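First up is the structure itself, then whatever we jot down about it.
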Amino acid sequence: MARSYVHEARKRVGPKRARIRPIIERLQAAHPDAQIALTSRSPLELLVAVMLSAQTTDVNVNRVTERLFAKYRRPEDYLAVPPEELERDIYATGFFRQKAKSLRGTMKMLLEEYDGEVPRRLEDLIRLPGVARKTANVVAAELGEPQGIVVDTHVRRLSQRLRLTRQEDPVKIERDLVRLVPREDWGRFPHLLIWHGRRVCIARQPLCEECTLTDLCPSSRV
Ligand code: SF4
């Protein structure tokens, strides 16, 4: 019974290859303001903000970085203060010891191996201490050179509900998405899903009756 329901739903919406472009276009129309919510004015600030955003809200990070970026302008500045001072300065983002350690390690590597500049290539970004694949993908995309697709909790949930993937593991979900999503959309696609996930396709109770994707979504309740 359940299987035939899923089969019917998939038949109703058609194959994902045919759905992906209209999905992107409609989400773009619904959320023209979808973009990164972290504030930064340089690649270095972007990297730091994304590193600090683990396990906390973007609003919280912006509150902390407003002061932080006035005090720490170059990679050297993060290494010039005692570790405890940096910990205090980022305390409100949570996991402050680990984050301070990652920031110091990253700044050291930037200075020693990258002339103090934030690298653009994913394989360089993921070498930086405390920079996981998701962080690296966000930074590369925001610097205008997406080399993968960011998979966070919203991207994962919506990709599954829209049946763009059947995978659970973020790396495998990303692999499915990069095969499906046109390359020129790799940067904005996660923002569209994230904003749609926050506003409409929310985790506990998706607002299908307000959704622009009902005829393209096998999980639609309307
Ligand atoms: S139709 Fe419902 S389940 Fe599908 S994307 Fe929209 S809100 Fe989410």
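What follows is calculated from the coordinates using simple rules that are stated; it is not laboratory data. These figures come from a predicted structure and were not determined experimentally. Note that we place each Cβ from the backbone using ideal geometry, even for glycine, and neighbour counts take in every protein chain shown.
Would you grab the residues whose amide H sits under 5 Å from the one on Cys201? Only those 5+ places off in sequence or on another chain, please, with H modelled 1.01 Å from N.
Leu207
Once the Cβ-Cβ distance between Val171 and Ala80 is put in as r, and R0 is 45 Å, what FRET efficiency do you end up with, to the nearest 0.05? Don't jump to the answer; show the numbers that get you there.
Working: r = 37 Å, r/R0 = 0.82.
The value I calculate is 0.75.
So how do Val59, Val150 line up by other beta-carbon neighbours within 10 Å, fewest first? Show your work: numbers first, answer last.
Numbers: Val59 9, Val150 29.
Final ranking by Cβ density, sparse to dense: Val59, Val150.
So how do 76-85, 212-221 stack up, highest first, on mean other-Cβ count within 10 Å? Could you put the intermediate results ahead of the total?
Values: 76-85: 14.0, 212-221: 17.6.
The packing order, highest mean first, is 212-221, 76-85.
About the Cα centre, and with charges only on the beta carbon of Lys, Arg (+1) and Asp, Glu (-1), how big is the dipole of segment 98-174? Nearest 20 debye, please.
Values: 15 positive and 12 negative charges, 113 e Å.
Once rounded to the nearest 20, the dipole reads 540 debye.
Taking only the Cα atoms of segment 19-67, how large is their convex hull per residue, in Å³? Each step should come with its number before you reach the end.
Numbers: hull volume 5.5 nm³, N = 49.
Hull volume normalised by residue count: 111 Å³.
Compute the acute angle (0 to 90°) between the alpha-carbon long axis of helix 133-142 and the principal axis of greatest extent of the alpha-carbon atoms of the chain; round to the nearest 10°.
Long axis of 133-142 versus the principal axis of the chain: about 90 degrees.
Give me Arg104, Arg73, Arg41 sorted ascending by neighbouring Cβ count inside 10 Å, so fewest comes first. Show your work: numbers first, answer last.
Working: Arg104 19, Arg73 12, Arg41 8.
Ranked by crowding around the Cβ, least crowded first: Arg41, Arg73, Arg104.
If one takes the longest principal axis of the Cα atoms in the chain, at what angle in degrees, from 0 to 90 and to the nearest 10, does the Cα axis of helix 16-30 lie?
For helix 16-30, the angle is close to 60 degrees.
For segment 7-129, what size does the Cα cloud have along each of its three principal axes, sorted from largest down, in whole Å?
61, 30, 26
Could you work out the relative contact order of the chain? I mean the mean sequence separation of Cα pairs under 8 Å and 6+ apart, divided by the number of residues, in percent. Working shown, then result.
Working: 255 pairs, mean separation 51.6, N = 222.
So the answer I get is 23 percent.
Near His191, within a Cβ-to-Cβ distance under 13 Å, what is the net charge of the other residues, with Lys and Arg +1 and Asp and Glu -1?
Around His191, the charge tally is -2.
Over segment 46-175, what is the relative contact order in whole percent, taking alpha-carbon pairs under 8 Å and six or more residues apart?
Numbers: 126 pairs, mean separation 25.4, N = 130.
In percent, rounded to a whole number, it is 20.
Of Thr153, Met107, Gly94, whose Cα points farthest to the positive end of the dipole of segment 89-172 (charges on the beta-carbon: +1 Lys, Arg; -1 Asp, Glu; origin at the Cα centre)?
It is Thr153.
How big is the equivalent ellipsoid of segment 33-102 along its three axes, where each semi-axis is √(5λ) from the Cα gyration tensor, reported in whole Å from largest to smallest?
Working: eigenvalues 74, 39, 18 Å².
Three semi-axes, in Å: 19, 14, 9.
Please give the FRET efficiency for Glu210 paired with Gln160, using the beta carbon to beta carbon distance and R0 = 25 Å, rounded to the nearest 0.05. Before the final figure, lay out each step's value.
Working: r = 20 Å, r/R0 = 0.79.
With R0 = 25 Å, the Cβ-Cβ based efficiency is 0.80.
Return the tail of the calculated pair distribution for the chain, meaning the percent of Cα-Cα pairs more than 33 Å apart.
25
For segment 75-181, restrict the atom set to alpha-carbon positions and state the Rg and Dmax in Å.
Over segment 75-181's Cα set, Rg and Dmax evaluate to 16.4, 49 Å.
Which parts of segment 172-204 would a label at Arg17 reach, counting a residue when its backbone N lies under 14 Å from a point 7 Å out along Cα-to-Cβ?
Those under the cut-off are 179-182.
Compute, for segment 63-136, the length of the dipole vector about the Cα centre, with Cβ point charges of +1 (Lys, Arg) and -1 (Asp, Glu) only. Units Debye, rounded to 20.
Numbers: 16 positive and 13 negative charges, 76 e Å.
Using only the charged Cβ atoms, the result is roughly 360 debye.
Strictly greater than 17 Å: what percent of every Cα pair in segment 170-221 meets that? Intermediate results must be reported in sequence, preceding the final value.
On the way: 619 of 1326 pairs.
Percentage above 17 Å: 47.
Helix 43-52 versus the longest principal axis of the chain: what angle, 0 to 90°, nearest 10, using Cα atoms?
Orientation of helix 43-52: about 70 degrees from the principal axis.
To two decimal places, what compactness ratio does segment 127-186 give when its Cα radius of gyration is scaled by 2.2 N^0.38 Å?
Numbers: Rg = 11.5 Å, N = 60, 2.2 N^0.38 = 10.4 Å.
Here the Cα radius of gyration is 1.10 times the empirical estimate.
Each residue of segment 156-162 in turn: what ³J(HN,Hα) in whole Hz from Karplus with 6.51, -1.76, 1.60 and θ = phi - 60°, glycine and Pro shown as x?
Listing the rounded values in order: 5, 4, 5, 4, 6, 5, 7 Hz.
Can you put Lys99, Lys11, Lys108, Lys172 in order, fewest other beta carbons within 10 Å first?
Details: Lys99 23, Lys11 10, Lys108 16, Lys172 13.
In order of increasing Cβ crowding within 10 Å: Lys11, Lys172, Lys108, Lys99.
How big is the dipole moment of segment 71-222 about its Cα centre under a simple scheme where the beta carbon of each Lys and Arg is +1, that of each Asp and Glu is -1, and everything else is neutral? Debye, nearest 20, please. Let's see the in-between values first.
Numbers: 28 positive and 24 negative charges, 122 e Å.
About 580 debye.
Obtain the nm distance between the two label points defined at Ala29 and Asn62 by a simple spin-label model: each point lies 7 Å from its Cα along the Cα-to-C-beta direction.
Placing both labels 7 Å along Cα→Cβ, they lie 2.8 nm apart.
Tell me, what ³J(HN,Hα) does each residue in segment 60-68 have, in order and in whole Hz, if you take phi through Karplus 6.51 cos²θ - 1.76 cosθ + 1.60 with θ = phi - 60° and put x for Gly and Pro?
Whole-Hz 3J(HN,Hα) from phi for segment 60-68: 4, 4, 4, 5, 6, 6, 4, 7, 4.
Which net charge results when you count Lys and Arg as +1 and Asp and Glu as -1 among the other residues whose beta-carbon is under 12 Å from that of Val81? Before the final figure, lay out the partial values.
Details: positive: Lys71, Arg88, Arg104; negative: Glu76, Asp77, Glu84, Glu85, Glu87, Asp89.
For residues surrounding Val81, the net value is -3.
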